[in-house]
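Data block below; observations after.
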Amino acid sequence: MGISYNTFLSYMDKYEEFAEAVAQADVLAEVFWEEKYMQGALGFNKDVSPAMLIMYMKNRYHWRDRHEQTVVAEKIPTLDEWLEEKDG
């Protein structure tokens with residue numbers, strides 16, 4: 001684009017339509033790379049390196065192999081307790 005990265009960021013802060021266009025383009029780019037990955041993973045495109053695309057998606061779009069989840073509850077009711085409470 002012929003501008004510095006800082007100028008790019010300031011345009012995004014200053015012009016809402018520009019920021020929306022960048023966000024939409026980012027989503028479309030992720031879809032493009034997902035499709036490339038699927039083509040390679042399914043064997044339709046032998047030129048695609050699944051390992052390279054996985055690394056790219058992890059770095060560019062923050063993909064992770066797993067998502068950590070934490071469940072916090074004082075006491076999880078048994079099925080009988082839950083049904084009793086529901087029937088009330």
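List of remarks:
- Beta carbons closer than 7 Å, at least 6 apart along the sequence or on distinct chains, pair a first residue in the range 1-20 that is of a type outside the set (Asp, Glu) with a second that is part of a helix (DSSP H, G or I) and open to solvent by 70 Å² or more (accessible area, probe 1.4 Å) for 18/11.
- Restricting the range 4-63 to residues that are in a helix (DSSP H, G or I) and β-branched (Val, Ile, Thr), the residue that is modelled with the lowest pLDDT: 54
The values are calculated or read from the model by the stated rules, or taken from the named source; none is laboratory data. The structure displayed is predicted, hence computed values, not measured ones. Cβ atoms come from the backbone with ideal geometry, glycine included; neighbour counts cover every protein chain shown. The protein model used for the area step is the full one, side chains on, heavy atoms only, and it has no ligands, DNA or RNA in it. Shrake-Rupley method; radii C 1.70, N 1.55, O 1.52, S 1.80 Å.
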